[in-house]
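Notes to accompany the following structure.
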Amino acid sequence: MNDLDAVAALHDPVRRALYEFVAASGRDVGRNEAAEGVGVSRTLAAFHLDKLAEVGLLETGFARLSATRPGPGAGRPAKVYRRGRTSRYVAVPERDFRELASLLAEVVGDLDAADGAIAAAARAGKKLHEPGGWLATLRDRGYEPYRQDDVVRLRNCPFQQVADEQPLLVCSMNLALCQGIAGDDATAELDPKPGECCVSFSKNKNR
Amino acid sequence: MHLAQLNVARLLAPIDAPELAEFVALLEPINAVADAAPGFVWRLKESETDPTLTYQHDFGDELLINMSVWQTRDDLWNYVYRTRHLGVLQRRREWFQRTLEIASVMWWIPEGHLPTAAEGMARLAALRDRGAGPEAFTFKEFHEPVSI
């Protein structure tokens with residue numbers, strides 16, 4: 001399945017809402033839950049979820065969901081959906097900076113020039129700062145912030161490919177960028193978790 | 001097969017010097033993160049009772065040696081880069097000499113085998129001499145286990 005077909009599958013508004021619902025949950029979601037979350041029938045949800053799985057935007061599995069439905073069939077494994085791990089890119093005409101970013105990150109690492117790169121990321125973050133608007137900025141930039149107790153965590157790493165290759169450099173730059181975006185509204189700290197962005201935020205008092 | 005890894009670092013000051021105090025204070029909590037990490041199998045310890053002691057060896061006093069065994073590449077990667085260990089790694093310049101030498105190596109071992117420091121240092125030497133191969137490799141140039 002090519003990237004354009006995968007992205008085109010999101011054109012349907014119900015399908016897109018289902019994709020966003022599953023992605024935002026950060027875990028396995030069953031058909032009933034997705035249908036309720038988006039406000040469509042279970043049959044329609046199942047149809048669109050399977051379409052999304054077909055183009056690779058969602059992955060599927062089977063899990064015994066909790067016994068919320070007692071009675072016959074309650075213990076049977078149900079089909080569940082989670083977000084696919086592969087990123088899809090569409091640029092018309094073609095533009096792709098990933099290869100270039102990988103090469104430059106490698107050079108920065110080899111030159112031991114991380115300090116300069118981190119300072120540049122901090123400056124870029126500061127330019128993006130709008131008082132009170134840091135969460136919206138993070139959302140717009142694809143970090144997918146969510147609240148967990150008193151902290152804001154980020155479900156998605158927008159730099160994942162390069163971060164996997166040069167985690168020390170990229171995670172340091174990202175922390176500086178995030179602190180710049182938050183400004184005085186929140187304190188960013190390195191708080192890595194498998195499969196997520198490496199930064200979390202605690203809101204500053206009186207903000 | 002299990003994945004063994006060894007990494008070395010040259011200290012900027014003796015391990016009991018005040019310059020290293022913050023690093024030594026981090027040994028216990030960060031090693032506890034490793035011990036509790038998914039896929040952790042074993043690590044080289046100087047003492048079962050004193051977590052602040054680093055491994056003693058004959059490869060030079062300023063050389064710090066870490067060695068551990070993991071179930072999979074992802075288990076090791078998630079510990080190194082996706083736990084509080086990452087923050088310690090980012091502070092490495094405060095405690096260790098900058099170097100262009102390759103400082104870390106991985107290799108596959110049969111399950112149940114506990115590697116010795118000499119074995120790990122030999123793998124590191126092999127990586128430095130011959131580059132990455134099935135006997136000694138890195139995250140960037142990873143090698144899957146070869147069936148014997």
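Just so it is clear, none of the values below were taken in a lab; they were calculated from the coordinates. As the structure is a prediction and not an experimental result, all values here were calculated from the model. Positions of Cβ are generated from backbone atoms using ideal geometry, with glycine treated the same way; all protein chains shown enter the neighbour counts.
Where a ≥ b ≥ c are the square roots of the eigenvalues of the C-alpha gyration tensor, would you call region B:30-148 rounded, which needs a/c under 1.5, or, failing that, prolate if a/b is larger than b/c, or oblate? Judged from the Cα gyration tensor, region B:30-148 comes out rounded (a/c under 1.5).
Short-range pairs are left out: with C-alpha atoms under 8 Å and at least six residues apart, the relative contact order of chain B is 33 percent. In this structure, B:ARG128 and A:GLU165 have a Cβ-Cβ separation that, at R0 = 35 Å, corresponds to a calculated FRET efficiency of about 0.95. Between A:ALA101 and A:ASP149, the distance separating the two model label sites (each 7 Å from Cα on the Cα→Cβ line) works out to 3.1 nm. Per-residue Karplus couplings for region B:51-64, computed as 6.51 cos²θ - 1.76 cosθ + 1.60 with θ equal to phi - 60°, are listed in order as x, 8, 7, 9, 5, 8, 7, 10, 9, x, 5, 7, 8, 9 Hz, Gly and Pro entered as x.
Ranking A:ALA163, A:ALA105, B:PHE40 by Cα position along the charge dipole of the protein assembly as shown, where only Lys, Arg, Asp and Glu carry charges on their C-beta atoms, puts A:ALA163 farthest toward the positive end. GNM, chain A, Cα, under 10 Å: largest mean-square fluctuation among A:GLN148, A:GLN166, A:GLN179? Answer for the Gaussian network model of chain A: A:GLN148.
In this calculation the C-beta distance from A:ALA113 to A:GLU189 is compared with R0 = 22 Å, giving a FRET efficiency of 0.40.
Lysine pairs in the protein assembly as shown whose alpha-carbon atoms fall under 21 angstrom of each other, counting only those eight or more residues apart or on distinct chains, come to 6. Computed over region A:98-203, relative contact order equals 32 percent, with contacts defined as Cα pairs under 8 Å that lie 6+ residues apart. Going through region B:7-97, which GluC sites (Glu not before Pro) have at most 15 other Cβ atoms within 10 Å and a DSSP loop state? Those satisfying the criteria are B:GLU46, B:GLU48, B:GLU62.
Under 18 Å from a label point set 7 Å out along the Cα-to-Cβ vector of B:SER147, the amide N atoms of region B:75-114 belong to B:108-111. Residues whose amide H comes within less than 5 Å of that of A:ALA78, counting only those at least five positions distant or on another chain, are A:ALA63, A:ARG64, A:LEU65 (H built at 1.01 Å from N in the peptide plane).
Dipole check for the protein assembly as shown: with +1 at the C-beta of Lys and Arg, -1 at the C-beta of Asp and Glu, and the Cα centre as origin, the magnitude is about 1620 Debye. State, as an integer percentage, the relative contact order of region A:20-147 based on alpha-carbon contacts under 8 Å between residues 6 or more apart. Reported relative contact order: 19 percent.
Counting only Cβ charges, +1 for Lys and Arg and -1 for Asp and Glu, the dipole size of region A:98-203 around its Cα centre is about 400 debye. Residue-wise HN-Hα couplings along region B:101-107, as the Karplus relation 6.51 cos²θ - 1.76 cosθ + 1.60 with θ = phi - 60° gives them from phi, are 5, 5, 10, 8, 9, 10, 7 Hz; Gly and Pro carry x. Here's how it looks for A:GLU59: its modeled amide H is under 5 Å from those of A:ARG82, A:ARG83, A:GLY84, which are all 5 or more places away or on a different chain.
A Förster distance of 41 Å, applied to the separation of the beta-carbon atoms of B:TRP42 and A:THR43, puts the FRET efficiency at 0.20. Please give the helix B:117-130 orientation as an angle from the longest Cα principal axis of chain B, in degrees from 0 to 90, rounded to the nearest 10. The angle comes out at about 70 degrees. Is region A:13-67 rounded, prolate or oblate when judged by the Cα gyration tensor, a ≥ b ≥ c being the square roots of its eigenvalues, rounded requiring a/c under 1.5 and prolate requiring a/b larger than b/c? Judged from the Cα gyration tensor, region A:13-67 comes out rounded (a/c under 1.5). For region B:51-117, the set of trypsin sites (Lys or Arg not before Pro) satisfying both a DSSP loop assignment and a count of at most 11 other C-beta atoms within 10 Å is given as B:ARG98.
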